[in-house]
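One structure is given below, encoded as structure tokens.
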Amino acid sequence: MVRGEFVNASTGTKHDRSPFFKPSTPGKITKVESPGGTVRLKKKATNSDEIKSSVLGTVANLVTTIVGSGIVAIPFAIRESGLVAGTLLITMCAMLTDKSLRLLIETGNHVDVPSYETLMEAAFGRFGFVFISVNMFLTSFGGLVSYLIIIKDTIPLLLGVDIDNEPLKRAILVLASMSISLPISMQRDMASLSKTSVIGAIFDVLMVAIVAFFCPIKEAVAASGGLKHIISHSTVHFDTMFIGLGVLSFAFVCQDSCFIIAGSLDKPTNDRWAKVTSISLFTCGTLSTICGVSGYLAFQQNTEGNILNNFEGPETQIAATAARALLGS
């Protein structure tokens, strides 16, 4: 693939194609018309020095795409759904996400399109392309805002900045974003992020381990009459279950990134991609379940939207600060 323009075969109008499929090396170019009426430029397969990821690196990229700021809200989702229903919904979301990622790539290969937005165009025409592109922007923009909020709330706290010192907090946010986030975002290939994604995945595991270890689960369960009593009173909350489902669905959103991540896989085949999705979603589902169940059992109906805000006392405050540092990192 080369970076260039799409030309709609029916109208002759041009529009920029997705920039994520720019090749690292030139090659023989041919014109290919997609089912959506777009004529795109395609590079003939050559021995390219384009960076690729191993299965482990691709798994790390996918895990860090899924596990983000939303994981601290999983206990709240279980509170709204019910302990039993929430746990089942986590499993369902993980399984459906796994299936959807495989279907998207297989369908994209079948109709010979290189991205999520051109697959939507192949199915629904120009309207589908515009509709999904706008929604991808809004979803990404919202996620990025949440990350910037976390950075602003986390790094100044770790540096000892007064909570009311907004100018200094904003200055730290701008400095951190421009010096770290921006250079990482400007990498040419998704595979270039595999090493930082491995670190991010390790930080995710450590953060969930801190939440699970420092949550006062034993004391809270005993005070509530035992685990059996909690389950019997928190099987499913029909009136608020869809609030929890909404939180969980957002936490597992990654479909718009699947073509970019799959395109970074070395020796790509359906079997290797299925292996990536299976390992990634099993990991994400496990982390979400541990974090969600631990947080809910410890605080139950007092569980907040950010589980780290429930931590009180000297020991748990230190744990919460460490978890925030991992999340911010």
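Within segment 148-202, being under 20 Å from residue 308 (Cβ atoms), among the small types (Gly, Ala, Ser) and not in a loop (DSSP other than H, G, I, E, B) holds for 176, 200, 201.
Working carefully through the options 97, 87, 107, find the one that is without any contact (Cβ under 8 Å) to a residue 24 or more places away in the chain and either β-branched (Val, Ile, Thr) or not in a helix (DSSP H, G or I) (or both).
Working: 97 fails: without any contact (Cβ under 8 Å) to a residue 24 or more places away in the chain; 87 fails: without any contact (Cβ under 8 Å) to a residue 24 or more places away in the chain.
Residue meeting the stated conditions: 107.
Looking at segment 304-316, I want the residues that are at pLDDT 75 or above and have a partner that is part of a loop (DSSP other than H, G, I, E, B) with Cβ atoms under 7 Å, at least 6 apart or on another chain. Which pairs are those? Pairs that qualify, where the first residue is at pLDDT 75 or above and the partner is part of a loop (DSSP other than H, G, I, E, B), are 310/303; 310/304. If you go through segment 290-329 and keep only what is hydrophobic (A, V, I, L, M, F, W, C) and closer than 18 Å to residue 152 by Cβ, you end up with 308, 320, 323, 325, 326, 327. Contact annotation: residue pairs with Cβ atoms under 9 Å, 6 or more positions apart or on different chains, pairing a residue in segment 54-73 that is farther than 24 Å from residue 293 by Cβ with a partner that is among the polar types (S, T, N, Q) and not in a helix (DSSP H, G or I), are 57/264; 58/264; 60/53; 61/53; 61/264. What about residue 314, is it out of contact with any Lys or Arg (no Cβ under 8 Å at 6 or more places or on another chain) and under 30 Å from residue 115 (Cα atoms)? For residue 314, the condition - out of contact with any Lys or Arg (no Cβ under 8 Å at 6 or more places or on another chain) and under 30 Å from residue 115 (Cα atoms) - is not met.
If I filter segment 272-281 for residues that are part of a helix (DSSP H, G or I), within 30 Å of residue 179 (Cα to Cα) and at pLDDT 85 or above, do I get at least one hit?
Yes, there is a match, as at least one residue in segment 272-281 is part of a helix (DSSP H, G or I), within 30 Å of residue 179 (Cα to Cα) and at pLDDT 85 or above.
The values are calculated or read from the model by the stated rules, or taken from the named source; none is laboratory data. The shown structure was predicted, so the numbers you read here are calculated from the model rather than taken from an experiment. All Cβ positions, even for glycine, are placed from backbone atoms using ideal geometry, and neighbour counts span all protein chains on display.
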